[in-house]
Amino acid sequence: MPHTRTSGAGPLAGVKVLDLTSVIMGPFATQILASLGAEVTKVEPAEGDNMRHVGPMRNPGMGHIFLHANQGKRSIVLDLKHEDGREAALRLAQRSDVLISNVRPQALERLGLGYEAVRERNPRIVHVSCCGFDQSGPYAARAAYDDLIQGATGLPWLMQEYGAQAPCYAPVTLADRVTGLHAVYAVTAALYARERSGQGQAVVVPMYEAMTQFVLGDHLAGLSFDPPAGAAGYPRLLTPHRRPYRTSDGYLCVLIYNDKHWRSFFAAIGEPQRMQDDPRFASHGARAENIDAVYEEVARLMAQRTTAQWRALLDRADVPNMPMNTPQDLLDDLHHQATGFIREVEHPTEGALRTPACPTRWSATPPPADLAPAPGLGEQSVAVLEEAGYSRAEIARLLASGACRAPAPPLEERP
């Protein structure tokens, strides 16, 4: 069954993206572009994106992370090391607004798909290279993966400072997804600049620099000053007492942050003079200086009531709180149900799926509601080549040479 959706929907409607990315960082970025209405054509090798093969899955090559990160895209299989496969990619780039890749820039150059080679075919191209490191430094050619970048930018150190028994990574692909978001704004800003200048450009989006900015924004602290005015680390984020509070029957996430919150909190528990009587709670600065003791005291108080009792009390006092949810809780959440954020879709081969929707709301150019499901490997190979101007005979030669692959039915059986 072909994947279709309403054309012309979304703020990026009409933008054509040639997607040479794989795994998570790049596909996360291009999935956001697709969810905003861009036409994304995903180029895959014969074995497919690696994430196709990571379970759980119902059918081979359709792993759960791939399904979520590749909605709204079309798939074409090209061997970019084959002369005809490279030429096909360049012909696709000629009709594209954006080429985005997370192939190492040196490898992309060797394939003949670096910025200068692509610009010769399409001077208006926005050529975005998602890579490990800024290309002007000594790490330029190094391989980079989420774990490596988390480690290199201090996440495991922070986790141990926070209280982990040993350095550990955050259990989400944080570096991939943070960098992917940088890639999205890089694409959209470069398109805006092109509208004014008429010129495309090359943009490099490096993981190391993106995550260094992310971490140091919170934790540069005293090292911000020269000479240093103290150590690195933001104490409120690093105290081991900053965690969901144990209640008498569960856990609750609570942030009593500003003076108003604290006054309301103490009034609600019957201690309205506490801020005046206990100098540790008297001001934002005093609480920051005594953050361990402050959070420890809140933990002691939270253990005295049930989660439901605390939620009712804190809601009445307008003190910020939220439940400690599991992934299953997120699927069942009343707010997500009311907003329709968790979409229920029917995939033509994978059956019923639940997947997050686009999280942004637009008054004039809403993203398409009927985003196509993630494609099978090479599902649109023939259609994409036809749109690029290849004749039926040329497509047949590409398939026969192995430069391109397409699933059944064979070309001769197509109408």
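The values are calculated or read from the model by the stated rules, or taken from the named source; none is laboratory data. Note that the coordinates shown come from a computational prediction; the quantities given were computed from them, not determined experimentally. Using ideal geometry, Cβ is built from the backbone for each residue, glycine included, and neighbour counts are taken over all protein chains shown. Each accessible area value is taken on the protein alone, full model and side chains, heavy atoms only, with ligands, DNA and RNA left out. Shrake-Rupley method; radii C 1.70, N 1.55, O 1.52, S 1.80 Å.
Annotations for the structure displayed:
- Antiparallel DSSP beta bridges within the chain, percent to nearest 5: 35
- By a 1.4 Å probe calculation restricted to protein chains, GLU116 has an accessible surface near 100 Å², given to the nearest 10.
- Of all accessible heavy-atom area on segment 168-303, the percent that carbon and sulfur account for (1.4 Å): 56
- By accessible area with a 1.4 Å probe, ligands and nucleic acids excluded, highest first: order of HIS64, HIS127, HIS336: HIS64, HIS336, HIS127
- Shape call, segment 76-154: gyration tensor on alpha carbons, a/c limit 1.5: prolate
- Normalised by the number of residues in the chain, the average gap of Cα pairs under 8 Å and 6 or more apart makes the relative contact order 21 percent.
- Most mobile listed residue (MET322, MET207, MET51) in the chain, GNM with C-alpha springs under 10 Å: MET322
- Carbon/sulfur fraction of accessible area - segment 44-85, other protein chains in place, 1.4 Å, %: 55
- Normalised by 2.2 N^0.38 Å, where N is the number of residues, the C-alpha radius of gyration of the chain stands at 1.18.
- What the Cβ-Cβ distance of MET57 and LYS81 gives, at R0 = 22 Å and to the nearest 0.05, is a FRET efficiency of 0.20.
- Gyration tensor (Cα) of segment 1-119, equivalent ellipsoid semi-axes in angstrom: 22, 19, 12
- Between MET159, MET275, MET57, the residue with the greatest mean-square fluctuation in the GNM of the chain (Cα pairs under 10 Å linked by springs) is MET275.
- Probe 1.4 Å - accessible area at LYS260, Å² to nearest ten: 100
- At the residue level, LEU377 shows approximately 60 square angstrom of accessible surface with a 1.4 angstrom probe and all protein chains present.
- Radius 13 Å from Cβ of PRO167, net charge of other residues (Lys, Arg +1; Asp, Glu -1): -2
- Taking N as its residue count, the alpha carbon Rg of segment 295-379 over 2.2 N^0.38 Å: 1.64
- A cut-off of 5 Å between modelled amide H atoms, ignoring neighbours fewer than 5 places along the same chain, links VAL204 with SER129.
- Take the chain with all the other protein chains still there, run a 1.4 Å probe, and you get 51 Å² of accessible area per residue.
- Largest GNM mean-square fluctuation across ALA364, ALA400, ALA288, computed for the chain with C-alpha springs under 10 Å, falls on ALA364.
- Taking Lys and Arg as +1 and Asp and Glu as -1, the other residues whose beta-carbon sits under 14 Å from that of ALA231 total -2.
- Heavy-atom accessible surface of segment 323-415: percent carbon and sulfur, 1.4 Å: 58
- Taking amide H atoms as placed 1.01 Å from N in the peptide plane, the amide H of LEU99 lies under 5 Å from those of LEU18, VAL126, HIS127, VAL128, each 5 or more residues away in sequence or on another chain.
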